[in-house]
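All remarks here apply to the structure that follows.
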Amino acid sequence: MTVIEPHEVVSCLDQDKAAADGQAIVQLMFIDADLMPVGTGRPRFHEVTYPDRSLFNGITALHSGLAHGEDELDLESSLTHLLTVLLARHADAPGAVSPTLRPRALRQVREMLHSQLSSNIKLDDLAAVAGCSKRHLIRSFRQAYGVPPHHYRTLLRLARAKSLLAAGRSVAETAAELGYCDQSQLNRHFRREFGMSAGGYARTVR
């Protein structure tokens, strides 16, 4: 994994040259400054490359999710988590940690998640409601409710999906009503949380 800091100009690395001979694909990710920690200065990285397999795998999964059109809130939240891990493991991150959000701001975010269950809400939208950075929102929401906003919304959707499936709605109808791009996306979330597909759950309750 290669990390390039802002305004740095880096020529093609030796390992990239070697990979290029095999026509390797290099995927780039430009990080929004709003995702960086609040403090008196920006984090500093002392190396260019880091042999961190778990972080590499997480970034690979994120690229895959982007390519397959996964939910934006999930993708943005995954990116924020990966950036937090990157900073914690490999950077000097100056500055004090911001205090958690006030309960009223968090309630407004939660109400938005409940009221717009089928909408393609973005992390930017939630942060605007809370009046803070995206990174600060995720940390504060997790502390208050035990899970980050994207997971909270997923749990809300799946609870509603269970009700719809038990009432006789098809998997495709349920996925469309809850804002999933297709039933396979609903099934992926269902399996991740419950260990079975949405269709399998429907057969057990009908």
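The values are calculated or read from the model by the stated rules, or taken from the named source; none is laboratory data. Predicted, not measured: the structure shown is a model, and the values here were computed from it. Note that we place each Cβ from the backbone using ideal geometry, even for glycine, and neighbour counts take in every protein chain shown. Please note that ligands, DNA and RNA were not included when accessible areas were found on the heavy atoms of the full protein model with its side chains. Shrake-Rupley method; radii C 1.70, N 1.55, O 1.52, S 1.80 Å.
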Largest to smallest accessible area among 141, 56 [probe 1.4 Å]:
56, 141
Taking all protein chains in place and a 1.4 Å probe, what share, in percent, of the accessible surface of the stretch 54-188 do carbon and sulfur account for?
53 percent
Return a whole-number percent for the relative contact order of the stretch 105-159, with Cα pairs under 8 Å and 6 or more residues apart as the contact set.
39 percent
Below 13 angstrom from the Cβ of residue 69, what's the summed charge of the other residues (Lys, Arg +1; Asp, Glu -1)?
-4
Can you work out the FRET efficiency for the pair residue 1 and residue 88, with r the C-beta to C-beta distance and R0 = 22 Å, to the nearest 0.05?
0.90
Applying the gyration tensor rule to the Cα atoms of the stretch 54-179 (axes a ≥ b ≥ c; rounded if a/c under 1.5, else prolate if a/b exceeds b/c, else oblate), the class is oblate
Accessible area per residue, 1.4 Å probe, Å², for the stretch 93-206: what's the number?
51 Å²
Size of the dipole of the stretch 77-206 about the Cα centre, Lys and Arg at +1 and Asp and Glu at -1 on the beta carbon, nothing else charged, in debye to 20?
320 debye
List the GluC sites (Glu not before Pro) in the stretch 81-185 that DSSP assigns to loop (not H, G, I, E or B) and whose Cβ has at most 10 other Cβ atoms within 10 Å. Which are they?
none
Give the calculated FRET efficiency between residue 61 and residue 104 to the nearest 0.05, with a Förster radius of 41 Å applied to their Cβ-Cβ distance.
0.75
